[in-house]
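Accompanying notes for the structure given below.
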Amino acid sequence: MHEGRTGILVFDTTLRDGEQSPGCSMRPGEKLRLARQLEKLGVDIIEAGFPISSEGDYQAVRQIAADVRGIRVAALARCNAGDVTRAWQAIERAARPRIHTFLATSDIHLQFKLKISRQQALEHAAGAVALARQLCDDVEFSPEDATRSDLDYLCQVLEAVIAAGATTLNIPDTVGYTVPHEFRRIIEAIQARVKGIEKATISVHCHNDLGLAVANTLAAIHAGARQVECTINGIGERAGNAALEEIVMAMHVRPDALPFFTNVNTSEIWPASRLLSEIISFAPQPNKAIVGCNAFAHEAGIHQHGVLSNPLCYEIMTPESVGAPGNRIVLGKHSGRHALAKRCAELGWPISGERLNEIYQRFIELADRKKNVYDQDLLGILSAGRPAAAEPGMSFAASAAGD
Ligand code: KIV
Ligand code: ZN
């Protein structure tokens with residue numbers, strides 16, 4: 001089924017990086033509900049939280065680890081013994097636990113945030129990974145702010161953590177600073193230069209500050225990354241993380257250009273997006289790719305005519321393929337007669353010919369005054385001036401001449 005295509009692991013961090021964004025915090029029970037949906041969605045790994053950050057998050061991660069058995073459950077930890085141990089306690093009951101430990105490697109973070117030297121950071125990173133490996137077979141390391149780190153130093157740190165036992169090396173574009181061709185070169189350089197790299201999986205974690213998170217992620221896959229970190233609806237720190245639905249559907253819709261696949265069941269994308277929106281009480285922006293409420297909506301007359309004739313005219317994927325309700329024809333001042341006639345017929349008022357022209361004129365006058373014309377408005381137009389005998393279901397086409 002995926003002949004000639006390479007599998008990519010999906011690491012969902014909605015419950016950790018996503019939850020860290022303003023207005024997105026979740027209660028333990030809500031995190032558990034979403035974790036179950038993520039399992040149903042078919043992601044490979046979920047990052048359930050950052051256990052040292054609060055007792056509530058520790059408990060949430062612990063509960064998810066015990067409950068969600070079909071996929072890997074990761075917990076985040078800084079590179080110190082307290083964090084690593086706490087992360088392990090939270091996930092020790094998981095069927096397949098992973099400790100994810102991170103430390104910044106850029107000079108700006110080392111100097112101003114951590115106030116340690118490059119050598120000290122390298123030692124902390126290797127030490128934390130070694131400790132994590134004593135507890136857990138599956139250890140991921142992230143050099144935070146990797147894309148603004150000195151490449152030679154970054155490679156040295158990666159080599160040290162591989163030697164200490166890291167099994168996944170995640171390269172974060174923490175501040176959404178890189179661009180696709182540059183990120184591709186960074187991943188290629190890591191592959192070429194880091195000793196022992198073949199023993200580890202390369203992962204990427206892109207933020208969206210320049211709106212390039214998904215493009216950077218796809219560029220990294222071309223360079224050899226085999227795990228992508230992402231979130232539902234693209235939520236996450238500041239402008240968010242790479243959106244899971246966009247990465248997955250890009251591969252799904254364009255296997256010719258992107259010969260990769262994931263284990264995601266695409267028809268669970270919309271339910272996951274809606275569940276998240278319900279939990280955090282805000283929806284993705286209306287024009288958000290794949291999951292925005294306008295992603296499958298059409299208002300312009302030419303587009304409506306095209307979609308009604310054949311959805312492929314203006315839709316590169318079906319709403320059903322992502323579990324969304326069917327496409328939405330929105331009636332407004334840009335709509336044409338085809339869409340209007342179809343909606344009238346659906347409401348039980350089939351019209352055509354002169355009658356259609358007449359209703360269309362009244363509809364456009366109303367649409368100029370109102371943004372959208374709803375079914376109630378249409379029913380008002382259709383029934384206005386009709387004799388009492390005129391009931392929905394009766395065609396006016398034949399009697400239009402008498403109007
Ligand atoms: O953006 C980032 O660098 C992170 C790390 C913890 C992976 O979220
Ligand atoms: Zn992040």
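Tabulated data for the structure shown
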{"read-out": "Sparse-neighbour loop sites [trypsin sites (Lys or Arg not before Pro); the stretch 280-377; at most 10 other C-beta within 10 Å; DSSP]", "value": "Lys371"}
{"read-out": "Per-residue [θ]222 nm for the chain (sum of -39500 (n - 2.57) over DSSP H runs n ≥ 4, rounded to 500)", "value": "-12500 deg cm²/dmol"}
{"read-out": "Förster radius 51 Å - calculated FRET efficiency between Asp375 and Asn80 (Cβ-Cβ, nearest 0.05)", "value": "0.25"}
{"read-out": "Proximal charge balance of Asn170 [Cβ under 10 Å; K/R count +1, D/E count -1]", "value": "-3"}
{"read-out": "Cα-based helix-to-principal-axis angle, 28-41 vs the chain, degrees rounded to 10", "value": "80"}
{"read-out": "Over the stretch 1-111, equivalent-ellipsoid semi-axes from the Cα gyration tensor in Å", "value": "23, 19, 14"}
{"read-out": "Antiparallel content of DSSP bridges confined to the chain, in %, to 5", "value": "5"}
{"read-out": "Relative contact order for the chain, counting Cα pairs under 8 Å that sit 6 or more residues apart, in percent", "value": "13"}
{"read-out": "Unit charges on C-beta of K, R, D, E only; dipole of the chain, Debye", "value": "260"}
{"read-out": "Cβ-derived FRET efficiency at R0 51 Å, His222 paired with Gln119, nearest 0.05", "value": "0.90"}
{"read-out": "Cut-off 18 Å (backbone N to label point 7 Å along Cα→Cβ of Ile364), residues of the stretch 281-304", "value": "299-304"}
{"read-out": "Residues Asn265 and Gln191, FRET efficiency given R0 of 35 Å [Cβ-Cβ distance, rounded to 0.05]", "value": "0.70"}
{"read-out": "Taking all pairs of distinct alpha-carbon atoms in the chain, Kirkwood radius in angstrom", "value": "23.5"}
{"read-out": "Residue (of Pro28, Thr262, Val204) at the positive-pole extreme of the stretch 6-280, dipole from beta-carbon charges", "value": "Pro28"}
{"read-out": "Euclidean distance of C-alpha centroids, the stretch 288-329 and the stretch 214-243, integer Å", "value": "25"}
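Every read-out reported here was derived from the displayed coordinates using simple, explicitly stated rules and does not represent laboratory data. Note that the structure is predicted; figures quoted are calculated from it, not measured. Positions of Cβ are backbone-derived with ideal geometry, glycine not excepted, and every protein chain shown enters the neighbour counts.
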